[in-house]
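Below is one structure, written out as structure tokens, with a few remarks after it.
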Amino acid sequence: MRRIRMLQAIPRGTSTLEFIVVLPSFLLVMFGAIELSRAWMTMNVVTQAAREGARVGSVSSPFDAGAALARIDQVLSGANLTAASKSVSCAAPCDPDSAVTATVTVNFQTLFPLLLPMMAGPWPLTNTATMRYE
């Protein structure tokens, strides 16, 4: 009888059970943080690509949208990204002090679509930069 009471008093497996209960929440927070960090980095690259495209477009004489689009592709390829859409335009007539506008859109895709279903599907990240034509 004493032996049965001693076995019931020993808390075996308690830490394993607590770990199993906490693990899904921990993984959700960890993978969520990873994906939000990736999205933030992607947004920063899109911002930089738009700025670079607007800058190249604003200093080219005469205005050359092709060179600006090539610069956008160059910045995005450095981060292994592809533009879903991109455009560079200058308000007509493209005289000094006109606005050169570059718009870049990249589709962000999560690495963990099964673990984070709320982030599944491509999320378009868009940024626009405007600079004065010189």
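The values are calculated or read from the model by the stated rules, or taken from the named source; none is laboratory data. Keep in mind that this is a model prediction, so the values were computed, not measured. Just the protein is used for accessible areas: all its heavy atoms, side chains included, with ligands, DNA and RNA removed. Shrake-Rupley method; radii C 1.70, N 1.55, O 1.52, S 1.80 Å.
Quick one: with all protein chains in place, what share of the accessible area of the chain is carbon or sulfur, to the nearest percent (1.4 Å probe)? Taking all protein chains in place, the chain shows 63 percent carbon and sulfur surface. Angle, helix 14-59 long axis vs. longest principal axis of the chain, Cα atoms, 0 to 90°, nearest 10? Tilt of helix 14-59: around 0 degrees. Shape summary of the chain, radius of gyration then Dmax from alpha carbon positions: 26.1, 98 Å.
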